[in-house]
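These notes concern the structure reproduced below.
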Amino acid sequence: MDPNSLKVMAAAAAGGADPTYVEDVFSIQAYVGNATVRTITSPHCDIKTEGGFTIVKNRDSASTDWIINDTASAANKSFKLNSDDDLATNLIKGHTAADHGSVPNGFTLSSDDQVNKNGDEFIGYMFRKCPGFIDVGSYTNAATGSSKTVSHSLGSTPGMIWIKEEGSGEAYVIWHTSSATKWSNISSTAAWTSTGKFSGVSSTSFTVAGNSPGMNHGSSAGQNTYIYYVFANDVQEFGADGNQSIIKCGYYTGTGNNLIDVNLGWEPQYVVTRNISETSNFLQMDTMRGIASHGNDARLYINSQDEEVENGNHIDLTSTGFTVPSGATDSGHTVLYWAIRRPDAYVGRPATAATSVFAMDTGNNSSTIPLFDSPFPVDFALQRTIAIDQAWFACNRLMNKKYVTTNTDSDQSGDISSLLWDSSIGWMAESSIGSERQSWMWKRHAGFDIVTYSGTGSDRYISHGMKQAPEMMWIKKRNASKNWYVYHKGLNGGSSPQNYSLRLNNGNKEDNDGDTLWNQTAPTATNFRVNTDNGVNNSGDDYLALLFSSVDDISDIGHYTGNGSTTGPTITTGFQPRLLIVKGTSWTNGGSWWIFDSVRGFGTVGSSIGQMSLNNDNASGAGSTLFQVSATGFSVHDDSPTVNDDGENYIYYAHA
C-alpha cells in the first residue's frame, strides 16, 4: 500500500491528526520594497519550525534574479534559481530560530535591491516541508564514478526534483515526471534532450548517476554538498477530510489550433509550464499577480531576470484546472507543468469569523494598493460612490482588470488599470477616490465562490469549490449585453425554486423559466447546471457565476412571507447582520434589490435612512427605515409592498 495511505489510516486509527490545509504549506506574498530589513509575514506557513524554502522576485526590474533560500543550506545564504551563480549572502533569512527571532510565520528580507529595492514591487512564494507536498534536504557526492542514492521524506514518489550544488557555479538541475528519462537546467531554454542521470525515483529515495556535475561529482566522496527539493504529485491527504491533493506535476500534448483542457480536479492558484520539445521558457503565473479569464495574464519566467509583463492570454483557470488557448502549443509538443491548488472549501482553512471573509470600507485616496482595506486577499468586490448617481461596479480577481455592473445588462469593460488585486490586505488603487466611495468585499470560502466559464450551447454541469450547495447564484454573460440571471433557494416560496429565476439588473418579479436556465435542477455540493439559454450557456460566450451559501455564524440565505404591517416578520439568522440584501419575488411589480449595511447604517424605526438598490444607479436617497438588525437577525418595520406586502414572498442574503 502507498505510504501516504498508510499514514492516513494510522492517523484515523489514532483518533485523527490535525488537518493540513494548503495555507499551512504554501503562501504567496506580494509586497513593495522599502530598502529596510523587515519581515514579511504569512499567517499559517511556518517554515522556521517545519523547514522548506522561499523564492522572491522583483517584478519591476529586468536585471534582478530569482532569489531562493532554504532550510537545508547554510543559514542566511541564498541561491539564484535562474542562474549558475554561487551563494549570495544575507538576501533572505528567517528560516531558523537563530535568525528569525519571535516571528514563526514568514521570512526576513535584507535591504538588498534584489529582494527589497525601495518602491519596487516584489512577489514571494513560501513552500513548507510536508509529506505529500515538498521536502528539502542535502547530501554529498559519492566516490568518483559511483552513483548516489538520496533518501527523502516526501512519503510519496516525487513528481519533480530540483538539485543545486553549493558553491560550484553549477545551475539548478530539474527532473520532471513528464519526461522521466530526461533532465535539464532551470536556467536553460533549450529543448530537453539530456538523459541517463536519474533512476530509481521512489517514495523514499532517488538515484543520481556518478560523474554528474551539479548532481553527483567530485574527486573523492563527500567533497561536494548538494541541496535537493522534491515535489509531490497528487497525494490525497490534505484538507479537513484528509483525502484531497494540493499539488500536481504533469504534462499535456500540444494540439495545434485546438483548445487544451487540463483537468487537475481543482482550480489552481499557481501554475508553471514549460514546452520541453522546443526552445522555451519556464512560464510562471499565479492568482495573486493575476491570471485573467480570457485576458492578459501577469507572466514571469523563472529562468530569466525579465520583469513581469501582462502580454497575453497564456492560460484560463477553470473550476477543475486550466485551459490553454488554441494555437498556443504546436501539435505533438510536450508541455510539462506543476500546479498548486487554491484554498477552496475542501483544502482551505475554514472561516472562523465573518470578518475573515467579508469586509466593507471607504476609499482612502491611495495611489498604491490597497485603496479599500480588508483583513484578507479580496476575491470579489462591489464598489460605487454613495451620494451621486453611479453604476454598481462588480469586480473580481478572475476577471482581473475588467468589471461588469449589477444595474445594467452591459457587457464587461475594457481593462481598467486601477483594478488591482495583488495584496493580502485589500484591493484597488486610485488617488482620486476617497471616502465618498464604498466597497463591499468577499473572500472565496464555503459561503462564496466565483466560477468563470465558456458556454457550449449544450445542457451541462459546472463544478464549483464550495463543498456545499449554492443557495443563491448570480450569472452574467461577459462578452455581450445580457441580463443577470439569479437563482435563489427561496424562489416560489422555497418550493421547486429551480423552476424559477430573477434578474439582478431589474426589479421584476420571478419568472418560471428555470427549464431553459437550470434545466429545473437545483445546484448540488459539487456543481450547478446550465441549459441552453443564451444568458447562461451560449456556445463560445464567456460567463461569470457568483455563488453564495449559508455558513453558521457568518452568512444566511432564506426567505420570509410579508404580513403587510409596520411590525413585520422577525427573521433569525443566528448573528447580527452587517450586510442585508432583500428582494420581493411574487408581488406583481417585484421590487428593488435593497441593500443595507452597517457602514451606511440601518436607521432607526420612525426615521429616514439612505436607501440604495443593486438594480439601479440612483444616489442614496432618504426613505423610511425598512429593517432593524439585532444580535440574532433582523426584523421588518415597513408595510411597503417592496419588502412586506401581506402574503407575498421575499428573499434575503445576510452577512455578519
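Checking each residue in the stretch 153-183 for being surrounded by 23 or more Cβ atoms within 10 Å (Cβ to Cβ), farther than 15 Å from N216 by Cβ and of a type outside the set (A, V, I, L, M, F, W, C) picks out S156, P158, G159, H176. I'd like to know if the stretch 406-421 contains one or more residues that are within 25 Å of G540 (Cβ to Cβ), touching a Leu at 6+ places or on another chain (Cβ under 7 Å) and not aliphatic (A, V, I, L, M). Yes. Against the test of being more than 18 Å from S156 (Cβ to Cβ), in contact with a Ser or Thr (Cβ under 6 Å, 6 or more places away or on another chain) and of a type outside the set (V, I, T), the options S304, S277 yield a single qualifying residue, S277.
For the stretch 202-217, the tally of residues that are assigned to a loop (DSSP other than H, G, I, E, B) and open to solvent by less than 40 Å² (accessible area, probe 1.4 Å) stands at 6. Open to solvent by 50 Å² or more (accessible area, probe 1.4 Å), within 24 Å of Y139 (Cβ to Cβ) and touching a residue at least 24 places away in the same chain (Cβ under 8 Å), is that true of S220? Spelling it out, S220 is indeed open to solvent by 50 Å² or more (accessible area, probe 1.4 Å), within 24 Å of Y139 (Cβ to Cβ) and touching a residue at least 24 places away in the same chain (Cβ under 8 Å). The set of residues in the stretch 494-520 that are open to solvent by less than 40 Å² (accessible area, probe 1.4 Å) and either among the small types (G, A, S) or touching a His at 6+ places or on another chain (Cβ under 6 Å) (or both) comprises G494, S501, G507, G514. In a residue-by-residue description of the stretch 468-486, the property of being farther than 26 Å from R342 by Cα, in a helix (DSSP H, G or I) and open to solvent by 30 Å² or more (accessible area, probe 1.4 Å) applies to no position. Residues in the stretch 307-330 that are among the acidic types (D, E), in contact (Cβ under 8 Å) with a residue 24 or more places away in the chain and open to solvent by 50 Å² or more (accessible area, probe 1.4 Å): E307, D330. If you check D542, D617 for being open to solvent by 40 Å² or more (accessible area, probe 1.4 Å) and closer than 25 Å to Y485 by Cα, only one passes: D617. I388 passes every criterion in (1) over 18 Å from the mean Cα position of the chain (by Cα); (2) within 25 Å of F238 (Cα to Cα); (3) among the aliphatic types (A, V, I, L, M) apart from (2).
Selection over the stretch 1-56 of residues that are modelled with pLDDT of 50 or more and either open to solvent by less than 10 Å² (accessible area, probe 1.4 Å) or within 27 Å of the chain's Cα centre (by Cα) (or both) gives a count of 37. In the stretch 223-261, the qualifying residues are those that are part of a strand (DSSP E or B) and within 21 Å of the chain's Cα centre (by Cα), and the one that is surrounded by the fewest Cβ atoms within 10 Å (Cβ to Cβ) is D261.
Can you name the residue in the stretch 77-102 that is modelled with pLDDT of 75 or more and not in a loop (DSSP other than H, G, I, E, B) and, of all such residues, is nearest to K117 (Cα to Cα)? Filtering the stretch 77-102 for residues that are modelled with pLDDT of 75 or more and not in a loop (DSSP other than H, G, I, E, B), the one nearest to K117 (Cα to Cα) comes out as I92. Take the residues in the stretch 333-352 that are under 20 Å from M285 (Cα atoms) and hydrophobic (A, V, I, L, M, F, W, C); name whichever of them is surrounded by the fewest Cβ atoms within 10 Å (Cβ to Cβ). Across the stretch 333-352, the extreme among qualifying residues is L336. Looking across the stretch 107-141, the residues that are surrounded by 19 or more Cβ atoms within 10 Å (Cβ to Cβ) and among the polar types (S, T, N, Q) come down to T108, S110, Q114, N116, N141. Considered as a group, the residues in the stretch 57-75 that are over 22 Å from I369 (Cβ atoms) and open to solvent by less than 40 Å² (accessible area, probe 1.4 Å) include one that is modelled with the lowest pLDDT, and that residue is S73.
The residue that is nearest to L398 (Cα to Cα), among those in the stretch 296-306 that are open to solvent by less than 10 Å² (accessible area, probe 1.4 Å) and out of contact with any His (no Cβ under 9 Å at 6 or more places or on another chain), is A298. Note on the stretch 275-374: enclosed strands (runs of 3 or more DSSP E) holding 2 or more residues that are modelled with pLDDT of 95 or more and farther than 30 Å from A171 by Cβ are 316-318, 321-324, 358-362. The residue list I554, I571 contains one member that is in contact with a helix residue (DSSP H, G or I) (Cβ under 6 Å, 6 or more places away or on another chain) and touching a residue at least 60 places away in the same chain (Cβ under 8 Å), which is I554. Set side by side, the residues T193, T144, T149 differ, and just one is without any contact (Cβ under 8 Å) to a residue 12 or more places away in the chain and open to solvent by 30 Å² or more (accessible area, probe 1.4 Å), which is T193.
Close Cβ contacts (under 9 Å, 6 or more residues apart or on different chains) running from residues in the stretch 574-585 that are without any contact (Cβ under 8 Å) to a residue 60 or more places away in the chain to residues that are assigned to a strand (DSSP E or B) comprise G574/D556; G574/G633. For the structure I just gave you, tell me whether S555 is under 23 Å from M612 (Cα atoms) and at pLDDT 95 or above. Yes: the conditions hold for S555. Being under 34 Å from the mean Cα position of the chain (by Cα), outside any strand (DSSP E or B) and not polar (S, T, N, Q) is a description that does not apply to V136. Of the candidates W587, W593, the single residue that is in contact with a Lys or Arg (Cβ under 8 Å, 6 or more places away or on another chain), modelled with pLDDT under 95 and either open to solvent by 40 Å² or more (accessible area, probe 1.4 Å) or within 24 Å of E510 (Cβ to Cβ) (or both) is W587. In the set N519, N479, N499, only one residue is among the polar types (S, T, N, Q), in contact (Cβ under 8 Å) with a residue 12 or more places away in the chain and over 17 Å from G455 (Cα atoms); that residue is N499.
Within the stretch 442-462, the residues that satisfy the criterion of being out of contact with any Gly (no Cβ under 8 Å at 6 or more places or on another chain) and either assigned to a strand (DSSP E or B) or among the polar types (S, T, N, Q) (or both) are W442, F448, I450, V451, T452, Y453, T456, S458, R460, Y461, I462.
The values are calculated or read from the model by the stated rules, or taken from the named source; none is laboratory data. All values derive from a computational prediction rather than experimental measurement. Glycine also receives a Cβ, built like all others from the backbone with ideal geometry; neighbour counts cover every protein chain displayed. Accessible surface areas use protein heavy atoms only, side chains included; no ligands, DNA or RNA. Shrake-Rupley method; radii C 1.70, N 1.55, O 1.52, S 1.80 Å.
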